[in-house]
1. Rounded to the nearest 500, what is the 222 nm mean residue ellipticity of the chain from helices alone, with -39500 (n - 2.57) per DSSP H run of 4+ residues and division by all residues?
2. Helix 267-278 sits at what angle to the longest principal axis of the chain, using alpha carbons and giving 0 to 90 degrees rounded to 10?
3. Tell me, in nm to one decimal, what length is gained between His285 and His107 on full extension, where the rule is 0.36 nm per residue of separation less the Cα-Cα distance?
4. Hey, how much of the P(r) for region 134-313 falls beyond 26 Å, as a percent of Cα pairs?
5. Given H placed on each backbone N at 1.01 Å, which residues far from Lys175 in sequence or on other chains put an amide H within less than 5 Å of it?
6. Compute the helix-to-body angle for 86-105: its Cα long axis versus the longest principal axis of the chain, expressed 0 to 90° and rounded to tens.
7. Using only the Cα atoms of region 156-229, what do you get for the radius of gyration and for Dmax, in Å?
8. Taking neighbour counts of Cβ atoms within 10 Å as a proxy for exposure, in what order, fewest first, do Asp302, Asp245 appear?
Amino acid sequence: MVADLIIAPSPGLIPATLFMPTPKAAKRVLEFFTAQINNDHTRKAYLNATRRFAAWCEDHGLDELAAVQPIHVAAFVKELQGQFTPPTVKQHLAALRMLFDWLVTGHVMDANPAHAVRGPKYVVKKGKTPVLTADEARALLDAIPIDTLIGLRDRALIGVMVYTFARVNAVIGMKVKDYFTQGRRGWVRLHEKGGNEHAVPCHHSLEQILDDYLAAAGIAGEPDEPLFRTTGRKTGAAHPLWQQDVYRMIQRRAAAAGIATKIGNHTFRATGITAYLKNKGTLEHAQTIANHASPRTTKLYDRRSDEISLDEVEKIAI
C-alpha cells in the first residue's frame, strides 16, 4: 500500500499535475507534504498556494515543470498582490520556494525559479490581537462561577493561558501529568509547535486555580489523561477540548463578565505579556516564558503603547 502511494500519490496531497511529471517527481512532492511539513494548517496553506500557482501556469500555457522560470513566478506574485494581502502573498511565495528547493535537492529540477523572486514588503511592528487590561482579565477570571466543575475547568484553562503566555493548542494538549511540583512550586509543561516541550513555573494564583480544579475533578490519579476535557455528557466519555470549544467558552465567559472587547483564544497571550511588561518585566524574560524564537515576535504582543496613545488623545480638549 505504501508503494502504491509513492507511485500514485493521494490526490489530497498533490498540488497539481504540473508538479508530478514523473514518478520520481510525484514521490518527491508527496515526501514534501508529508515528511517535511508537520503542521496541518501549514500543509493546507502550502497545498492551496502550489495549486493556485499550477492553475496560473496552466492558464498561461505552461504545462511543463522544467519550463517554469523566475519571470513566471514573479508575474504570479505580482498578480496575487492585486488580490490578496501582503502576508498571504508572502506565504504563497514561501510555499513555492520551499517546494522548488525540495525538488532541486531531490534532483528533479536544476534550479529554484522562486529563489530570486522578491515578495511584497511587509513589516509588522504591532500585533492585531485584541488584548484585555489586567483589571479586565482579573474580572473575567473572578466572574466565572466556581461552584461547578465546568467553571473550575474554564477558569483553570484561561488561567494557564494568562499566566504562562501559552498558545491555546499547547494548553488543550496538556495531560494531567503536565502540571507537576518541582522545588515546592507548581509547574506546567506545555507541548509547543514542532514537538518542543516548554516548562514554566506557576504564578501562585495559577497554582491555586489548578489545585482547585484538580481536587474537584478527581483526576490527579490519571497522569496520562487530558487535563482539560469535555464533560462526556454527549458521548459518555471525556475527550480533550478542541480549539473551537475553547473559543466558544471564552465568548460565553466574556459576555457574562460584561467585557465588550471582541476577544479570542490568543487574547490571553497578549494580555499576559503586556501585564508582565507593565509591571517592569523584561522583554528577554517575556520571550523565554512565551517560548518565542525571536524578541521581535514577543514585541508584537506588547500593547503598552495603546494606553499611551489613549492618554494623549484625551488631551484634545475641544
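No value in this document is a laboratory result; all are computed from the given coordinates. Worth saying up front: this structure is predicted, and the values here are computed from it rather than measured. Using ideal geometry, Cβ is built from the backbone for each residue, glycine included, and neighbour counts are taken over all protein chains shown.
1. Helix contribution divided over all residues of the chain: -15500 deg cm²/dmol.
2. 60
3. Here the answer is 59.7 nm.
4. 29
5. For Lys175, whose amide H was placed from the backbone, the distant partners under 5 Å are Leu227.
6. With rounding to tens, the tilt is 60 degrees.
7. 11.2, 33
8. Result, fewest neighbours first: Asp245, Asp302.
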